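Before any comments, here is the structure.
The values are calculated or read from the model by the stated rules, or taken from the named source; none is laboratory data. Worth saying up front: this structure is predicted, and the values here are computed from it rather than measured. Here Cβ is always computed from backbone atoms with ideal geometry, including for glycine, and neighbour counts include all displayed protein chains. Heavy atoms of the whole protein, side chains included, go into the accessibility calculation; ligands, DNA and RNA do not. Shrake-Rupley method; radii C 1.70, N 1.55, O 1.52, S 1.80 Å.
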Amino acid sequence: MRGMILAAGRGTRMGEMTRAVPKPLLKMNGHYLIDYSLHALANIGVQDVVVNICYHRDMIKKALGDGARYGVNIIYSEEEVALETGGGIFQALPLLGDQPFIVLSCDIITDYPLQNLPAAPAGLAHIVLVDNPTYHPNGDFCLNGQRVYMGADQTYTFGNIGVYRPELFAEYSAGHFRLGDVLKKEISQQRISGELYQGNWHNIGSPEDLKLAEKNLV
């Protein structure tokens, strides 16, 4: 199984912290943010990791190199203009192969055990949901067992962790679009499974988020 780390965004909510440094290279407890995802993938035996890059992409390539020190082979998917989460994955599909692949976001810091993800999801994808954070109280999706659906009250938030079949993107073409919109379409057709994780999970969207994650994940 191959993996992908989404690392093309600018991280504008981080303010001055990302003016000269791309968000994946911000430091937390002495490590780059993206290091946590790279190590997590390496720890479950993923050998090839695609990293999509755009903002300050040369800095990221110089910092991470070929991935040897992480125990993985990094393949870069370079974007001239940031394509958002869905568009970034779509562009990288030729690098990800024809089997299900894991996608993580460089700004999600968590101790979720990636080995729990199914190697072959029953539907088009299997995603990890988390309790709604304070900044997203209305959530994204509901969950009944492993069935993800959309209802009047969206009980949980998409945790930006999942395993996807390439066929999930069969009806799409190159361009700028969100993964969340792709998932919503297929969830309405009951083609997405999921699970709830209630351990440590942090979305590093602001300097305050970074400080909180540093305190909780040492």
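Here are a few things to note about the model shown:
- If the condition is being open to solvent by less than 40 Å² (accessible area, probe 1.4 Å) and among the aliphatic types (A, V, I, L, M), then region 83-112 contributes L83, I89, A92, L93, L96, I102, V103, L104, I108, I109.
- Matching residues, region 123-143, being among the hydrophobic types (A, V, I, L, M, F, W, C), open to solvent by less than 20 Å² (accessible area, probe 1.4 Å) and touching a residue at least 60 places away in the same chain (Cβ under 8 Å): A125, I127, V128, L129, V130
- Within region 102-119, residues that are farther than 17 Å from D48 by Cβ and among the charged types (D, E, K, R) reach partners that are part of a loop (DSSP other than H, G, I, E, B) and open to solvent by less than 10 Å² (accessible area, probe 1.4 Å) with beta carbons closer than 6 Å, at six or more positions or on different chains, in the pairs D107/I204.
- Total residues in region 170-218, condition open to solvent by 30 Å² or more (accessible area, probe 1.4 Å), assigned to a helix (DSSP H, G or I) and not basic (K, R): 7
- Of all residues in region 1-20, those that are within 17 Å of D209 (Cα to Cα) have Cβ atoms under 9 Å from Cβ atoms of residues that are open to solvent by 90 Å² or more (accessible area, probe 1.4 Å), 6 or more apart or on another chain, in T18/R10; T18/T12.
- The residue of region 12-41 that is most open to solvent (accessible area, probe 1.4 Å), among those that are part of a helix (DSSP H, G or I) and of a type in the set (V, I, T), is T12.
- Residue check, Y156 touching a helix residue (DSSP H, G or I) at 6+ places or on another chain (Cβ under 9 Å) and either aromatic (F, W, Y) or open to solvent by 80 Å² or more (accessible area, probe 1.4 Å) (or both): no
- The single residue among R69, R57 that is touching a strand residue (DSSP E or B) at 6+ places or on another chain (Cβ under 7 Å) and open to solvent by 10 Å² or more (accessible area, probe 1.4 Å) turns out to be R57.
- Residues considered: G45, G9. Of these, the only one that is under 23 Å from A68 (Cβ atoms), open to solvent by 20 Å² or more (accessible area, probe 1.4 Å) and not β-branched (V, I, T) is G45.
- Enumerated strands (runs of 3 or more DSSP E) restricted to region 60-164, each holding at least 2 residues that are over 16 Å from the mean Cα position of the chain (by Cα): 73-78, 142-144, 147-149
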